[in-house]
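**Q** Okay, here's the structure, questions in a sec.
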Amino acid sequence: MTLRIKILSEKISNQIAAGEVVERPASVVKELVENAVDAGSTMVEIDIRGAGKSYIMVKDNGFGMEKDDLFTAFERHATSKVANENDLASIKTLGFRGEALPSIASVSKVRMESRNESSENGAVIKIEGGKTLTFDEVPLSKGTRMEVSHLFFNVPARRKFLKTDTTEQNHINNAVIQQILANETVGFHYIINGKLFVKVPPEASFLQRVKLLFGESLAEKLIPVDFTYNSIAIKGYIIHPNFSPSHANYQFSFLNGRFIKDRVIYHGVLSGLKNVMSSEKKPGYFLNIALPYDSVDVNVHPSKYEVRFVQPQQVHFVLEQAVLSALENKREDFSPVEENKPIETPDEIKRELTPLPTSHDPLAEKHFNTWKSVQRGVESQSGYTSGFKPFSPSKTSDKSFKPHEFERDFSEKKPLPQFELNFDSVSPSLQFSHLNYIGQWQKSFLLFDSEDGIILVDQHTAHERIKKEILTKNYERGSIERSNLLIPVRVEVPIALVEMVKKNLKGFARIGFDIESAENNAFFINGIPALVSESPIEELFDDLIAAFSENPTVTFTGLIDDILDRIACHSAVRANQKLDRDSVKLLCKQLDELKIKLSCPHGRPIALLIKSREILKGFHRV
């Protein structure tokens, strides 16, 4: 049978569009708040019930609408923000597609009221599943109020794919936090299930908003960024590289007032930090980027989180400069990074980035001079040197020296062949305590002599595996030993994670923590697992709660393996830590007692073997 092509009904078209725009309740909140901001509001109220599945309300004090426009607003591709095709090349508003309201109305029950300043009365419209039920003229204050209830009531297949209330509420919280940071002149009043979640006055600065949402302790670790080059301005904060987190929860970039997720921005920041931040850490940043509207295409995806830069290489380069300039002002307290692995550039970034400016470019010269200045500061403070020596011709006072005479001595010698060293894995039955300990290399790796060759042990991964096995055994027995702190440690968590921590206090107690709630988003840690008594408590706790934000749908019990992995990592001896022979002897004995002793909890190898033949081959002995 041949299927005929036909035009879809308006109802089905709107529901299909809703599938792109209205992914979950958080999508509705984002679209409505952006409409409120575009309307020139100075205060936005948000009320959420039942994780947004039951009820969403967004109210503003913006321009409001004419009565007749309430009908038009729910037509597809109806907008006041784009007049012609030229406007699409220079979009200045957050919304512009004219899809959000009809998409939302097609899959929910909507009540919208609005009045503009020139109208004596306002109007209220009610729509259910895309069908207008009532329209009335009523007295109202200036502004707009939008209520959305029973989301996806008429598309049960979509509602079935929504996650738990906790997960959906977390997504809404993140969307609101993004809007609070993006709109510095707008106040917010955010209520969840009848309880005030956060209140931000319109006059709150960007830094005050960061403090309110993420805590004073994080704000103290921020370095200001304020950099302008040509038509690109970067302003905001980066987390000091000494305190860079191991997760990506503190990465916020705003382009012309719009929250975006962009790899070019991330990679630009990472490039600026690469020489002063451990490769195991992630950059943290809160950055506002301003550039001409026609220099970026925001009409890439209905969610408007993704953008396309006209000149991504320039944006990347200026971000790197902005970070380096900020670091220049803080170079006196950098921790030296002794191992700088090359940053892996994702293929999609490689495609977008053309070669950066050469050294004759004034900005490139500033980049080189800034980094050399930062490097000198690190070297003078720590005695660490990068090992980089720019090439320069040799200078000698012996004028009789002739280079060709030196070369002649080696003219008959053949160049040494290229040699690649091969590593082998060690036997699972290997007894480390039976090996002959040679010594420690780079204060990170333990060298042992064996019948088969030389064995290298990564002291951190080895100790991490030992700690993980001890923690797992004790957790299964319900006996993780606790060490009570003489002075409780006060920690602050991002405001979006406060309820999660409160909900899991009993779970934390089962793994050796004693935590109690304090004011706002603060907690007191009164006790910690005895195994981690030497670890920085704030850093450990930050990493633990990151496990929940990275896996919002998983319970504490479901996350226990990941949590124990993180505790083991923080409690293990570090790279660049000197170990005496007694410590090495104990570590070997503990390794021998393990069932799994070839890899750490993250999958990295604990020991590698360089076979005797490989060594002899390198010296041309075989």
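**Q** Over 5 Å intervals from 0, what percent of Cα-Cα pairs in the stretch 252-316 sits in each interval?
**A** Final binned percentages: 4, 16, 29, 24, 14, 9, 5, 1.
**Q** Another question about this same structure. Could you give me the radius of gyration and the Dmax of the stretch 151-211, taking only the C-alpha atoms into account and expressing both in angstrom?
**A** 14.8, 43
**Q** Moving on. For the stretch 462-523, which whole percent of the accessible surface, found with a 1.4 angstrom probe, sits on carbon and sulfur atoms?
**A** Answer for the stretch 462-523: carbon and sulfur cover 48 percent of the accessible area.
**Q** Heavy atoms only, probe 1.4 Å: what % of the accessible area of the stretch 104-197 goes to carbon and sulfur, would you let me know? Each step should come with its number before you reach the end.
**A** Details: 2180 of 4350 Å².
Carbon and sulfur atoms account for 50 percent of the accessible area of the stretch 104-197.
**Q** Do the alpha carbons of any pairs in Lys53/Lys199; Lys160/Lys199; Lys142/Lys261; Lys274/Lys595; Lys274/Lys467 sit beyond 28 Å of each other, and which pairs?
**A** Numbers: Lys53/Lys199 23 Å; Lys160/Lys199 33 Å; Lys142/Lys261 34 Å; Lys274/Lys595 38 Å; Lys274/Lys467 30 Å.
In this structure, Lys160/Lys199; Lys142/Lys261; Lys274/Lys595; Lys274/Lys467 exceed 28 Å between Cα atoms.
**Q** Here is a follow-up. Considering only protein heavy atoms and a 1.4 Å probe, what is the carbon-and-sulfur percentage of the accessible area of the stretch 539-622?
**A** 53 percent
**Q** Turning to a different aspect of this structure: Would you please give the residues with an amide H less than 5 Å from that of Tyr237, counting only those at least 5 places away or on a separate chain, with H modeled from the backbone geometry?
**A** Val225, Phe286, Leu287, Asn288
**Q** Determine by what factor the alpha-carbon radius of gyration of the stretch 124-184 differs from 2.2 N^0.38 Å, reporting the quotient.
**A** Rounded to two decimals, the normalised Rg is 1.52.
**Q** How many nm is it between the label spots at Glu328 and Asn436, if each spot is 7 Å from the Cα in line with the beta carbon?
**A** Between Glu328 and Asn436, the simple spin-label model gives 5.6 nm.
**Q** Can you give me the accessible area per residue for the stretch 507-622, using a 1.4 Å probe, in Å²? Can you show the working numbers first?
**A** Values: 5780 Å² over 116 residues.
Accessible area per residue: 50 Å².
**Q** Please give the FRET efficiency for Lys199 paired with Glu280, using the beta carbon to beta carbon distance and R0 = 51 Å, rounded to the nearest 0.05.
**A** With R0 = 51 Å, the Cβ-Cβ based efficiency is 0.85.
**Q** Something else about it: Cα centroids of the stretch 495-567 and the stretch 191-262: how far apart, whole angstrom?
**A** 23 Å
**Q** How large are Rg and Dmax for the stretch 173-283 when calculated on the C-alpha trace, in angstrom?
**A** That works out to 15.0, 48 Å for Rg and Dmax.
**Q** With θ set to phi - 60° and the Karplus curve 6.51 cos²θ - 1.76 cosθ + 1.60, what are the ³J(HN,Hα) couplings of the stretch 448-461 in order, to the nearest whole Hz, using x for Gly and Pro?
**A** Working through the residues one at a time gives 10, 8, 9, 4, 8, x, 9, 10, 10, 10, 7, 5, 6, 5 Hz.
**Q** 5 Å is the cut-off here: which amide hydrogens, built 1.01 Å from N in the peptide plane, fall below it relative to Arg482, excluding neighbours closer than 5 in sequence?
**A** Those qualifying (amide H under 5 Å, at least 5 residues apart or on another chain) are Ala530.
**Q** Excluding Asn288 itself, calculate the net charge of residues whose Cβ lies under 12 Å from the Cβ of Asn288, where each Lys or Arg counts +1 and each Asp or Glu counts -1.
**A** Values: positive: Arg209, Lys235, Arg258; negative: Glu184, Asp226.
With Lys, Arg at +1 and Asp, Glu at -1, the neighbours total +1.
**Q** While we're looking at this one, here's another question. Taking R0 as 60 Å, what's the FRET efficiency between Glu481 and Ala290 from their Cβ-Cβ distance, rounded to 0.05?
**A** Efficiency, rounded to the nearest 0.05: 0.70.
**Q** Go ahead and run the numbers for FRET between Leu608 and Arg510, Cβ-Cβ distance against an R0 of 45 Å, rounding to 0.05.
**A** Approximately 0.80, to the nearest 0.05.
**Q** Scan around Leu222 for amide H atoms under 5 Å from its own, H built in the peptide plane at 1.01 Å from N, and keep only partners 5 or more places away or cross-chain.
**A** Sorted by chain and number, the residues that satisfy this are His240.
**Q** Hey, rough spin-label estimate for Glu593 and Thr557, points 7 angstrom out along Cα→Cβ, what's it come to in nanometres?
**A** 3.0 nm
**Q** A further question follows. Under a plain spin-label model, where a point goes 7 Å from the Cα along Cα-to-Cβ, how far apart in nm are Lys473 and Lys131?
**A** Spacing of the two 7 Å Cα→Cβ label points: 6.8 nm.
The values are calculated or read from the model by the stated rules, or taken from the named source; none is laboratory data. Being a predicted model, the structure only gives us computed values, none of them experimental. For neighbour counting, all protein chains shown are included, and Cβ atoms are generated from backbone atoms with ideal geometry for every residue, glycine included. For accessibility, only protein heavy atoms count, side chains too; no ligands or nucleic acids. Shrake-Rupley method; radii C 1.70, N 1.55, O 1.52, S 1.80 Å.
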